[in-house]
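The values are calculated or read from the model by the stated rules, or taken from the named source; none is laboratory data. Model, not experiment: these values are computed from the prediction. For neighbour counting, all protein chains shown are included, and Cβ atoms are generated from backbone atoms with ideal geometry for every residue, glycine included. The area values use the complete protein model at the heavy-atom level, side chains included, leaving out ligands, DNA and RNA. Shrake-Rupley method; radii C 1.70, N 1.55, O 1.52, S 1.80 Å.
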Amino acid sequence: MTDYRRLRVALLGAGAVGSQVAALLRQHADELADRAGARLELVGIAVRDVDAKRETDLPRELFTTDADSLIVGSDIVIELMGGIEPAREYLLHAINSGADIVTANKALLATHGPEIFDAADQVGAEVYYEAAAAGAIPIIRPLRDSLAGDRVQRIMGIVNGTTNYILDRMDTEGAEFADVLADAQRLGYAEADPTADVEGYDAAQKAAILASLAFHTTVPLDAVHREGITAIDKSMMDAARHAGYVIKLLAVCERLTEPSGESISVRVYPALIDRAHPLASVHGANNAVFVQAEAAGNLMFYGAGAGGVQTASAVLGDVVSAARRHIAGGVGVGESTLANLPIVPVGRVTTRYQITLEVDDQPGVLATVAGILSEGRVSIATVEQTVVESAEGESGVARLVIGTHKALEQDLSETVDRLAASGVVERVVSVLRVEGN
């Protein structure tokens, strides 16, 4: 057996991912040592309750409630406890103690990333966070390293497995949102309180991380436009399918060229995407990130976006990288945010739309609607009209599904408000962006 140098590894948190990381560190210790060039010694696991039931069988003596003491003297600290505090405090303590850190904490990085990265830069440590943006999918290193010499133009990502599972079943089975959400909770895809997923908060945190890397710009979480999927219903799914689209919750990070110079837009919302697009074929709880770069062209990263053992794979990859850096020596490689591009509000984004209206089934209504759209600088590409019959079989309301050419979001929003107040529109059923082409 090769006599490797030993590196002390501390683990904070032993949930679904943490337990798997600990088990794999022990199970594959020899193999990981050969890959890293150092023996990775798991010296302890900090938890709130040492007697809590775990998903894996780990020695009780590894567990402690004293995270601060565990961190001191460790070479690598893995943070998998989640949340903001005390995770932020522990990571800063680890950095100042001379350790490299590995984390999957998207919420922490999206809100306190600059503070964490600056602290690491001050002491020459490095922050590894491959598991923070898309679970098991390797996307952080490709953006940070492989594409560092290219210019990323756009990222479109399905980065939340819960919402993709819900929308996929609504599309393929014609199921209703509430029924699929209940199934997702029963299967463990969704939390008892699913707000972070279905309202887009989780995806927005990941979008902020991806955009910061892709555009070398610090992207605060409050600069990310966010919408969830709770308003998506069966009728919207049916209309999308009829038009050749599928509805996905997308994280869109885009480089914009305006007269005043370059800027970026970062947004999360449910959008229509053509069924021929690679992202349309992402099913179940899987994730995918579609990257468009100036030189490399179109790149697709696909795989499991969550799951204990799957996410543990990304974490262990970071641990091996951190170990190799310790062996090689030298300071850590800091984050590149020097481009400092301005982040524009969603109102300045240009895209296509599908607008669904319920209107009076009377002569001249379509002309009125078309006139309002034209006045608002929104050009019609397609119109489909169907008559909605009442329970008595009488007509009186027509449904218009209007596809537009590209329009400015602000113009579209103001135009929809005028349509709603026009007197001929009974109800604005939905407004969905069309992404991907």
When you go through 69, 74 one by one, which is the residue that is open to solvent by 30 Å² or more (accessible area, probe 1.4 Å), of a type in the set (Ser, Thr, Tyr) and out of contact with any Asp or Glu (no Cβ under 8 Å at 6 or more places or on another chain)? 69
If I ask for residues that are farther than 23 Å from residue 214 by Cβ, of a type in the set (Gly, Ala, Ser) and open to solvent by 60 Å² or more (accessible area, probe 1.4 Å), which ones from region 227-280 would you list? 231, 276
Could you grab me the full set of residues in region 198-213 that are more than 15 Å from residue 113 (Cα to Cα), assigned to a helix (DSSP H, G or I) and more than 8 Å from the chain's Cα centre (by Cα)? 198, 201
Meets criteria (farther than 27 Å from residue 217 by Cβ and modelled with pLDDT under 95) for residue 138: no
Within region 58-66, identify whether any single residue is hydroxyl-bearing (Ser, Thr, Tyr), in contact (Cβ under 8 Å) with a residue 12 or more places away in the chain, assigned to a loop (DSSP other than H, G, I, E, B) and open to solvent by 40 Å² or more (accessible area, probe 1.4 Å), and answer yes or no. yes
Is there a residue in region 148-158 that is part of a loop (DSSP other than H, G, I, E, B), small (Gly, Ala, Ser), open to solvent by 10 Å² or more (accessible area, probe 1.4 Å) and more than 30 Å from residue 239 (Cα to Cα)? yes
From the set of residues in region 17-57 that are more than 31 Å from the chain's Cα centre (by Cα) and touching a residue at least 40 places away in the same chain (Cβ under 8 Å), which is most open to solvent (accessible area, probe 1.4 Å)? 37
Could you grab the pairs with beta carbons closer than 6 Å, sequence gap of 6+ or different chains, first residue in region 409-435 and under 21 Å from residue 232 (Cβ atoms), second one of a type in the set (Lys, Arg)? 434/352
How many of the residues making up region 171-197 are surrounded by fewer than 23 Cβ atoms within 10 Å (Cβ to Cβ) and either assigned to a helix (DSSP H, G or I) or in contact with a Cys (Cβ under 9 Å, 6 or more places away or on another chain) (or both)? 15
Does region 281-295 contain any residue that is open to solvent by less than 30 Å² (accessible area, probe 1.4 Å), free of Cβ contacts under 8 Å to residues at least 60 places away in the same chain, over 17 Å from residue 409 (Cβ atoms) and assigned to a strand (DSSP E or B)? no
Examine region 221-231 for a residue that is outside any strand (DSSP E or B), closer than 19 Å to residue 345 by Cβ and of a type in the set (Asp, Glu), and state whether such a residue exists. yes
Could you count how many residues in region 93-109 are assigned to a helix (DSSP H, G or I) and either closer than 18 Å to residue 22 by Cα or of a type outside the set (Val, Ile, Thr) (or both)? 7
Every residue from region 198-212 that is closer than 17 Å to residue 248 by Cβ and open to solvent by less than 30 Å² (accessible area, probe 1.4 Å): 198, 200, 202, 203, 204, 206, 207, 210
Is it fair to say residue 167 is within 21 Å of residue 299 (Cα to Cα), among the hydrophobic types (A, V, I, L, M, F, W, C) and out of contact with any Gly (no Cβ under 6 Å at 6 or more places or on another chain)? no
